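Written below as structure tokens is the structure these notes are about.
Read-outs throughout are calculated quantities, based only on the coordinates presented, and are distinct from any laboratory measurement. These figures come from a predicted structure and were not determined experimentally. Neighbour counts run over all protein chains shown; Cβ positions are idealised from the backbone, glycine included.
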Amino acid sequence: MKIKLKNTPEQVALFKALASDKTAEKQEAQEALAAFLGPVIQEVIDKAPTLANFFTDMPFPKYSGPYTIPLDLYYDIKETDYVRVWSQTMAGGMPTQQTHPPVEMPFGTYTLDSAITFDKKYAAQARLDVIGKSINRMLQEVLDKQDLNAAAILLSALANASTGVAGTATKHIIRSNTKDQFVFQDLNRLFTLIKRLRSSWNGGTPESRQSRGLTTLAVSPEIIEFIRGLAYNPVNTAGTVTNIPATDSQREAIHNSVGNPNFMGVELVELNELGIGYRWNTLFDVQAGATTYPNHAGTGSAAAFDGTAEEIVIGVDEGMESLLRPVATDSERGSSFNVYPDDQFVSRQKRIGFYGEMEEGRLIVDDRALVGMIV
């Protein structure tokens with residue numbers, strides 16, 4: 001993700017004004033650029049393919065704390081169990097699970113920020129390439145911090161989630177039927193798992209069956225490779241009859257959908273941070289610890305996740321509105337990410353600086369919206 005500045009007369013004039021020796025002119029240019037950058041950076045962040053964007057924004061006015069959320073609006077008040085909420089109290093903090101009756105629950109927020117500086121001469125020369133790369137650095141730093149906090153709470157909730165199904169504590173994670181394979185059958189099993197987790201308050205059929213189910217999968221490039229391979233590989237590996245090919249129409253649909261992030265009606269989000277040896281896989285390994293999950297078919301009892309030989313596929317029911325991102329909005333600027341001139345530099349330093357910040361939190365008000373598969 002990056003921002004590219006257009007070489008227009010207006011922008012050239014604005015950047016040259018940043019280097020003006022006239023204090024009023026320089027400050028006016030800094031304020032104008034800062035006001036422009038905040039919403040632009042926010043728009044790019046909101047469109048980034050990250051785990052952070054699995055969360056639904058819940059805006060609130062800046063400086064209006066203490067903050068609370070009415071849980072009964074997000075949870076079926078007829079449920080016999082208490083609400084299980086995952087949250088963080090500080091950026092980078094350990095996500096914790098709290099149990100609450102469906103009432104007002106306070107939540108914490110934290111500030112994510114970044115700062116950039118560049119030499120005054122680049123502004124005087126209207127070096128849009130240098131200034132643009134500085135702005136992109138700010139964007140990337142905030143995006144990275146935001147994604148890490150989102151991944152920490154989401155992966156912790158998924159790794160430890162357990163729901164009573166037919167009187168048995170059921171983990172939200174299963175393994176693929178066959179080790180190192182992900183086929184139609186495995187996705188079909190995830191459909192069934194999430195429907196069992198999302199039964200009605202009395203364990204029966206919910207009234208809104210169509211609004212409950214698997215909507216999105218976060219997967220590694222290797223899992224995408226498996227899906228592409230279904231156009232010419234078997235789609236079933238279980239039972240007495242194996243090596244069953246897809247139908248001609250299915251093969252054609254898969255072949256024609258290369259690049260289209262959709263598989264059997266489920267949106268696919270391809271993340272390079274997933275996969276054996278990569279960032280989110282390793283983080284999930286830490287969060288899972290010694291927790292055991294059902295094993296591959298015919299390979300014995302449950303076993304702990306091994307991040308050096310296995311990878312996690314993350315499934316989300318986004319129709320449930322369980323993953324929430326409380327975010328502070330500045331009423332004057334109308335943006336949740338705001339950029340300000342950095343006034344720490346004196347004239348003789350010949351430096352120009354800006355800093356940006358956002359105040360946000362992360363909540364998972366019902367972990368039944370999350371399922372996973374170990375491949």
Handout entry: Burial ordering of Val375, Val266, fewest other beta-carbon atoms within 10 Å first
Key = Val266, Val375
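In this model, which of Lys47/Lys121; Lys4/Lys26; Lys47/Lys350; Lys6/Lys47; Lys4/Lys121; Lys22/Lys62 are farther than 30 Å apart at the alpha-carbon? Don't skip to the answer; put the middle values down first.
Numbers: Lys47/Lys121 33 Å; Lys4/Lys26 23 Å; Lys47/Lys350 35 Å; Lys6/Lys47 20 Å; Lys4/Lys121 20 Å; Lys22/Lys62 33 Å.
Flagged as over cut-off: Lys47/Lys121; Lys47/Lys350; Lys22/Lys62.
Among Arg196, Arg175, Arg362, which comes first, second and so on when ranked by fewest other beta-carbon atoms within 10 Å? Please list the in-between numbers first.
Working: Arg196 15, Arg175 22, Arg362 28.
Listing Arg196, Arg175, Arg362 from fewest to most nearby Cβ atoms yields Arg196, Arg175, Arg362.
Are there any trypsin sites (Lys or Arg not before Pro) in the stretch 286-361 that are in a DSSP loop and have at most 15 other Cβ atoms within 10 Å? List them by number. Write down the numbers at each step before the final one.
On the way: sites: Arg333, Arg348, Lys350, Arg351; in loops: Arg333, Lys350.
Sparse-neighbourhood loop trypsin sites (Lys or Arg not before Pro): Lys350.
What percent does the relative contact order of the stretch 261-341 come to when contacts are Cα pairs within less than 8 Å and at least six residues apart? Present the calculation step by step, with values, prior to reporting the outcome.
Working: 63 pairs, mean separation 16.4, N = 81.
This gives 20 percent for the stretch 261-341.
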Completion exercise
Phi-derived 3J(HN,Hα) across the stretch 14-19 with the Karplus relation (6.51, -1.76, 1.60, θ = phi - 60°), rounded Hz, x for Gly and Pro, is 5, 5, 5, 5, 4, 9
Practice task
Calculate, in nm to one decimal, what Asp144 and Ile3 gain on full extension: separation in residues at 0.36 nm each, minus their alpha carbon distance.
Solution key: 49.2 nm
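Fully extended, how many nm does the chain gain between Tyr67 and Asn272 (0.36 nm per residue separation, minus their Cα-Cα distance)? Kindly include the intermediate steps, with their values, before the conclusion.
Numbers: separation 205, 0.36 × 205 = 73.80 nm, distance 3.45 nm.
Stretched out fully, the Tyr67 to Asn272 stretch lengthens by 70.4 nm.
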Exercise for the section: Rank these for me by crowding, Phe354, Phe55, going from fewest to most other beta carbons within 10 Å. Expected result: Phe354, Phe55
Completion exercise
Each label sits 7 Å from Cα toward the beta-carbon; between Thr111 and Val40 the label points are separated, in nm, by 2.4 nm
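Could you sort 119-127, 163-171 so that the peptide with the highest average Cβ count within 10 Å comes first and the rest follow in order? The partial results should precede the final answer.
Details: 119-127: 16.9, 163-171: 12.3.
My ranking of the peptides, most packed first, is 119-127, 163-171.
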Problem - Cross-link reach list, aspartates and glutamates versus Lys195, counting only Cα pairs under 12 Å and skipping chain neighbours closer than eight places - result: Asp317
